[in-house]
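Q: Before we start, here is the structure in question, set down as structure tokens.
The values are calculated or read from the model by the stated rules, or taken from the named source; none is laboratory data. Note that the coordinates shown come from a computational prediction; the quantities given were computed from them, not determined experimentally. With ideal geometry, Cβ positions are generated from the backbone for all residues, glycine too; neighbour counts draw on all protein chains shown. Ligands, DNA and RNA are stripped out before the accessible areas are found, and what is left, the full protein with its side chains, is counted by its heavy atoms. Shrake-Rupley method; radii C 1.70, N 1.55, O 1.52, S 1.80 Å.
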Amino acid sequence: MTGPGPAISQPSPNFGGRRDGLRPELVVLHYTAMPDAQAALARLCAPEHEVSAHYLIARDGRLFRLVEEDQRAWHAGTGNWRGRGDVNSRSIGVELDNCGNSPFAEPQMARLEVLLCDILARWQIQPEGVIAHSDFAPTRKTDPGPRFDWQRLSLQGLAVWPAPGTPASAPDEAAFLKAARAFGYPVEDGFAAVLAAFRARFRPWARGSLDESDMAAIEDLARRFAVDRAARRA
Ligand SMILES: [Zn+2]
């Protein structure tokens with residue numbers, strides 16, 4: 001493993017067992033919305049807050065391990081992705097030390113890439129399994145937010161990004177939601193919330209009403225990564 005040294009163990013008491021024999025099939029990325037890594041660590045390790053994550057990456061690239069990967073950390077809350085709830089039991093949670101309104105530091109991004117590469121290989125998680133907190137809880141959460149560089153991750157096979165220039169349907173709310181659902185979004189949260197979450201991740205510069213570029217992006221993602229939900233339930 002390359003990178004700036006091994007993980008620093010900082011155990012949090014806030015975890016339990018993964019339910020129903022579930023194993024990680026997702027990696028959820030968060031920002032801490034705290035002033036610094038020490039403040040975030042204090043919160044993520046305090047029993048009274050009942051929150052945690054498997055990892056925290058500081059702005060300087062230090063990696064803290066709070067919960068073992070085979071355990072269920074408490075980072076996701078309610079929501080569902082690809083029609084499946086209990087995201088905590090299905091995921092590994094990574095907190096990034098960031099307030100939400102500043103760029104993510106280079107050493108932090110580099111450390112995240114090494115970590116993701118390792119997690120995806122060990123748990124056989126596909127790049128489309130790396131998602132934002134806002135993706136599966138669009139009415140509640142906005143992290144890791146429009147400053148996070150998903151395209152950078154996708155260029156290394158650590159996340160997905162829409163292919164440019166894909167022919168699209170005319171902008172239409174129902175068609176957008178159909179494709180968003182196929183990709184994984186919980187469309188029961190409503191069009192406005194899903195469009196906001198989708199844009200925060202894939203088109204952070206986009207404003208105004210649904211447009212052809214939104215349609216091209218979501219339809220490309222749906223085409224390449226749609227999950228057969230009926231087969232998965234069986
Ligand atoms: Zn979060």
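Q: Sort 17-27, 216-226 by packing, meaning the average of other beta carbons within 10 Å per residue, with the highest value first. Numbers along the way, then the final one.
A: On the way: 17-27: 15.6, 216-226: 19.8.
Output ranking for 17-27, 216-226: 216-226, 17-27.
Q: How large a share of the accessible area of the range 4-136, in percent, is made up of carbon and sulfur atoms when the probe is 1.4 Å and the other protein chains stay in place? Show your work: numbers first, answer last.
A: Working: 2720 of 5270 Å².
It is 52 percent, rounded to a whole number.
Q: Give me the 1.4 Å probe accessible area per residue for the chain, excluding ligands and nucleic acids, in Å². Don't skip to the end; give the middle numbers.
A: Working: 10480 Å² over 234 residues.
Per residue, the chain has 45 Å² of solvent-accessible surface.
Q: Give the shape of the chain as rounded, prolate or oblate, defined through the alpha-carbon gyration tensor: a ≥ b ≥ c are the square roots of its eigenvalues, a/c under 1.5 means rounded, and otherwise the shape is prolate if a/b is larger than b/c and oblate if not. Can you show the working numbers first?
A: Working: a/c = 1.75, a/b = 1.49, b/c = 1.17.
In terms of gyration-tensor shape, prolate.
Q: Using alpha carbons only, how many angstrom separate the centre of the range 111-165 from the centre of the range 19-47?
A: 16
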